[in-house]
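Each remark here refers to the structure printed beneath this line.
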Amino acid sequence: MQFEFPEDQEFFSHLLANGDTNQLVVAYSDLFDFRHPAIKRWEFDKTSKNVLRDLVEKYNGECQLRLHPECSPSHGLEPDHIIPLSSNILNKELRKLTGTAGAKVLSQSFGSNHPRNLTLACRKCNGLKKHKILSGVAIHRLID
Ligand SMILES: [Zn+2]
């Protein structure tokens, strides 16, 4: 499991494994896939219908995120990557990068399409979460 920067590995160790890097690798490797996000998205799109059907069955059609005050399956349900496929959050928060001349801060590839990294979200909650990385408590509630 090769993070781009050591501080990223440290961030996820603290988020998921009480700061224990070994534990992060042993217990949470399947949440991560550092290949280009377009490849992961392409692979995901091929199976997303089946993934959604399986998640709806597993979670009885209920949104697992429960982030939005109007959270409801009536808005429509979608699979959500718990660790986002890509995010620029660490570039912003750990490296204090800022966008220049209308360009956004560069994103990094993080999350995998592994079933453990997928949960069921209503459109409202998924829209609110976007590419954010949830707190450790929230993530531990979502993954098995
Ligand atoms: Zn919801």
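Only the coordinates and a few stated rules stand behind these numbers; no lab work does. If you're wondering where the values come from, they're calculated on a predicted model, not measured in any experiment. Cβ coordinates were reconstructed from backbone atoms using ideal geometry, including for glycine residues, and neighbour counts include every protein chain displayed.
List the chymotrypsin sites (Phe, Trp or Tyr not before Pro) within the range 1-57 that DSSP assigns to loop and that have no more than 12 neighbouring Cβ atoms inside 10 Å.
Working: sites: F3, F11, F12, Y28, F32, F34, W42, F44; in loops: F3, F34.
Answer by residue number: there is no such site.
Binning every alpha carbon pair distance of the chain at 10 Å from zero, what are the percents per bin?
With 10 Å bins starting at 0, P(r) equals 11, 40, 35, 13, 0.
Tell me the mean residue ellipticity at 222 nm calculated for the chain from its helices only (DSSP H runs of n ≥ 4, each -39500 (n - 2.57), averaged over every residue, nearest 500).
Numbers: 6 runs with 61 residues, N = 144.
Rounded to the nearest 500, it is -12500 deg cm²/dmol.
Reachable aspartates and glutamates from K49, Cα under 19 Å, same-chain residues fewer than 8 places away excluded?
Here the aspartates and glutamates satisfying the reach criterion relative to K49 are E57, E62, E78, D80.
Relative contact order of the range 79-131: what whole-number percent is it, with Cα pairs under 8 angstrom and at least 6 residues apart? Before the final figure, lay out the partial values.
Working: 64 pairs, mean separation 27.5, N = 53.
Averaging sequence separation for qualifying contacts and normalising by length gives 52 percent for the range 79-131.
Find, among the trypsin sites (Lys or Arg not before Pro) in the range 34-120, those assigned to loop by DSSP (not H, G, I, E, B) with at most 16 other beta-carbon atoms within 10 angstrom. Don't jump to the answer; show the numbers that get you there.
Values: sites: R35, K40, R41, K46, K49, R53, K58, R66, K92, R95, K96, K104, R116; in loops: R35, R66, R95, K96, K104.
Listed in order of number, the matching sites are R35, R66, R95, K96, K104.
Given the pairs K96/K130; K46/K92; K46/K124; K40/K104, which are separated by over 28 angstrom at their Cα positions? If you can, show how the numbers build up before the last one.
Numbers: K96/K130 20 Å; K46/K92 31 Å; K46/K124 24 Å; K40/K104 21 Å.
Violating the 28 Å limit, Cα to Cα: K46/K92.
Quick check: net charge around V105, other residues with Cβ under 11 Å of its Cβ, Lys/Arg +1 and Asp/Glu -1? Write down the numbers at each step before the final one.
On the way: positive: K92, R95, K96, K104; negative: E93.
Its environment carries a net charge of +3.
In terms of modelled amide H atoms, which long-range or inter-chain residues lie less than 5 Å from the amide H of L97?
Those lying under 5 Å, H to H, from L97 are K92.
What are the ³J(HN,Hα) values, in whole Hz, obtained from phi via the Karplus relation 6.51 cos²θ - 1.76 cosθ + 1.60 with θ = phi - 60°, for each residue of the range 88-101 in sequence order, with x given for Gly and Pro?
Using θ = phi - 60°, the values come out as 9, 4, 6, 4, 6, 8, 8, 10, 6, 6, 10, x, 10, 6 Hz.
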